[in-house]
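*Asks:* The structure under discussion is supplied below as structure tokens; questions concerning it will follow.
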Amino acid sequence: MERPPAASPRPEPPHDTVEQIDGRLDAGVLLICDHATNAIPACYGALGLPPSQLERHIAYDIGAAWITRRLAEFFEAPAILSRFSRLLIDPNRGADDPTLVMRISDGNLIPGNARIGQTEIERRRDLYWSPYRAAIGARIEAMLALGPAPVVLSIHTFTPFWRTKARPWEVGILWDSDPRLAPPLIAALAEDGLVVGDNEPYDGALEGDTFDEEVTRRGLAGVLIETRQDLVASEASAAAFADRLAKVLRPILGRPELHRIEYHKSRTGWAPRF
């Protein structure tokens, strides 16, 4: 089935909002990292939080940026990473999602967000959220123009415990309804000796998230890869885990069906736009 016409080009994002790693546009793989950093623009201070809170998972996905950069190097692939904390605005939420700007996160009040109004939400969305999404869309369109349809790997990490409950998975593969990559990848990771979550610890069908809007609705194959944070808490351990992921991914990513445009109806209920 033919791909619908590309949307009108969106303006390039400001440099300080998005980290863009150049790679081969015909690599067939694009890496994205929604929660790469705990950085907050100086004009917002620390959103009223003590510095120790910005080192926690509420501010970013610990280790995710290291994994993303290592995989980009391994596959000689482009990568797009956020340069602002999810506490400022969450690039992995829909434009109208009530959790786009979190007032409370994991039981912690975010003072700089507590009384935020719609005008400020829209300002942050225009300055940070939209440029990040635009960068991903622009890179996908450039890759489609010069090479095979890219497989998109969205890199995240999760905490070893939620509340007091231990999470047994070492890596989770999140996906919606496109079966081209997730099932074979889950099987291969398990064969490699990892404890793998199939849509654990989160469900991959989230309407309006980055993957839904920029990947699934374009008919591209891909998954969200969630790694447990205690396994990637240092740059060295993250690089080692990324190398393990890369070796499992390499033979799977060569499958031709992953580089075709296919539309699959989302479990969230929306129908693909043909």
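The values are calculated or read from the model by the stated rules, or taken from the named source; none is laboratory data. Computed from a prediction, not measured in an experiment: that's the story for all the values here. Heads up, the Cβs are rebuilt from the backbone with ideal geometry, glycines too, and the neighbour counts pull from every protein chain shown.
*Asks:* Against the condition surrounded by fewer than 19 Cβ atoms within 10 Å (Cβ to Cβ) and within 26 Å of Glu76 (Cβ to Cβ), how does Leu189 come out, does it pass?
*Replies:* no
*Asks:* I've got another one for you. For Tyr263, only one of the following conditions fails: (1) among the aromatic types (Phe, Trp, Tyr); (2) in a loop (DSSP other than H, G, I, E, B); (3) closer than 21 Å to Leu31 by Cβ. What is its number?
*Replies:* (3)
*Asks:* Pick from Asp203, Asp176: which is part of a loop (DSSP other than H, G, I, E, B) and buried (at least 21 other Cβ atoms within 10 Å of the Cβ)?
*Replies:* Asp176
*Asks:* Looking only at region 125-173, how many residues end up being touching a helix residue (DSSP H, G or I) at 6+ places or on another chain (Cβ under 8 Å), aliphatic (A, V, I, L, M) and in a helix (DSSP H, G or I)?
*Replies:* Summing the residues that are touching a helix residue (DSSP H, G or I) at 6+ places or on another chain (Cβ under 8 Å), aliphatic (A, V, I, L, M) and in a helix (DSSP H, G or I) in region 125-173 gives 2.
*Asks:* List, please: which pairs have Cβ atoms under 9 Å, are six or more places apart or on different chains, and start with a residue in region 201-221 that is more than 20 Å from Ala149 (Cβ to Cβ) and modelled with pLDDT of 95 or more and end with one that is surrounded by fewer than 24 Cβ atoms within 10 Å (Cβ to Cβ) and β-branched (Val, Ile, Thr)?
*Replies:* Pro201/Thr159
*Asks:* Test Ala27 against the stated conditions and say whether it is more than 17 Å from Glu226 (Cα to Cα) and either at pLDDT 95 or above or not in a loop (DSSP other than H, G, I, E, B) (or both).
*Replies:* Here the answer is yes, as Ala27 does meet what is asked.
*Asks:* OK, next. If I filter region 88-95 for residues that are in contact with a helix residue (DSSP H, G or I) (Cβ under 8 Å, 6 or more places away or on another chain), in contact (Cβ under 8 Å) with a residue 40 or more places away in the chain and part of a strand (DSSP E or B), do I get at least one hit?
*Replies:* There is no residue in region 88-95 that is in contact with a helix residue (DSSP H, G or I) (Cβ under 8 Å, 6 or more places away or on another chain), in contact (Cβ under 8 Å) with a residue 40 or more places away in the chain and part of a strand (DSSP E or B).
*Asks:* Separate question: Somewhere in region 42-60, is a residue touching an Asp or Glu at 6+ places or on another chain (Cβ under 7 Å), crowded, with 21+ Cβ neighbours inside 10 Å and not in a helix (DSSP H, G or I)?
*Replies:* The answer is no, given that none of the residues of region 42-60 is touching an Asp or Glu at 6+ places or on another chain (Cβ under 7 Å), crowded, with 21+ Cβ neighbours inside 10 Å and not in a helix (DSSP H, G or I).
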